[in-house]
Structure formats: structure tokens, C-alpha cells
Amino acid sequence: MSSSAWPVGTAISVWNGSPNVHLTWSPNGCPGYTGTHCVNVYSGNYGYIYAGKFTADYDSQSHYLRDGTNAVMLNDNFVSAYPTAARQLACHEIGLGHNSSPASCLYTGNTQPGWTPTDDDFQEIIRYVYPY
């Protein structure tokens, strides 16, 4: 549900490199398939407070499993100012966390194009986000 200015499909392809995650794109929002977990991705003019954000509603084990209640919000004001950074930010927000390594798209504050998840990011997904 984001505009074509955001390369969400590219970010999804990159995150599918993780052995515990298989992301798919649904143009009409969360389809509610049994055994899946869903995060809506929106874009819009959200002012100048943030470039993008992820809102989460956790289950009792602190996993991102409350389907349909999580959302990525990509700020169109940011992509207008930094069009080459749209891929990094889409990767960052879909990644569901932060990394202290500047080589990772999960590093906060990157505005350089082409950043992708690192092996550490994939390991974090396995350990904490989707461990089973």
C-alpha cells in the first residue's frame, strides 16, 4: 500500500535471503493466510519528524506476530529529498530492528543507496524475531 517511489519489492527480495523469512507482497494489505505473519507497508506525507518508522504490537513472547497490527510507514517527504536512499530506508523499515554496523541497512541514519542486510541481521531474525 505504498507508492511506486518506494522500492518495497526490492527490499522484500533482499530480506528473503534469510532462511527463516519468506516475504511476499500483497497489493491490498494483509491477506490473513493461516500460518503467516503480516506487516502493512504504507507511504504518505508524514511531515518532517521521521523518514520512516515501524510500529509493532508484540505477542507475549515479544515476537512480531500480532498480524495486521504492525505497520511500516514510509515518509514521502524523505523520498522526495533523498530519492537515492529510498531502497535503504525500505530495507531498514521492513527489517524490523536496528544494527550498530554502518554496513547494514538496519543502521540508523544511513542515507546512502544500496545498503542491504548483513549476515548479522539475518541471524538476529532467526534468534529473536522469527525463531521457529
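Taking (1) modelled with pLDDT of 85 or more; (2) assigned to a loop (DSSP other than H, G, I, E, B) in turn, residue 101 satisfies each apart from (1). The residues of the stretch 4-39 that are of a type in the set (S, T, N, Q) and either touching a Phe, Trp or Tyr at 6+ places or on another chain (Cβ under 8 Å) or at pLDDT 80 or above (or both), listed by number, are 4, 10, 13, 16, 18, 20. Only residues that are in contact with a strand residue (DSSP E or B) (Cβ under 6 Å, 6 or more places away or on another chain) and without any contact (Cβ under 8 Å) to a residue 12 or more places away in the chain were counted across the stretch 1-23, and they come to 0.
Residue-by-condition table, conditions (1) of a type outside the set (D, E, K, R); (2) assigned to a loop (DSSP other than H, G, I, E, B); (3) at pLDDT 80 or above:
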residue: 86; (1), (2), (3): yes, no, yes
residue: 89; (1), (2), (3): yes, no, yes
residue: 93; (1), (2), (3): no, no, yes
residue: 114; (1), (2), (3): yes, yes, no
residue: 122; (1), (2), (3): yes, no, yes
residue: 132; (1), (2), (3): yes, yes, no
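Across the stretch 50-64, a minimum of one residue is classified as modelled with pLDDT of 85 or more and assigned to a loop (DSSP other than H, G, I, E, B).
The values are calculated or read from the model by the stated rules, or taken from the named source; none is laboratory data. For clarity, every value in this text was computed on a predicted model and none was experimentally measured. With ideal geometry, Cβ positions are generated from the backbone for all residues, glycine too; neighbour counts draw on all protein chains shown.
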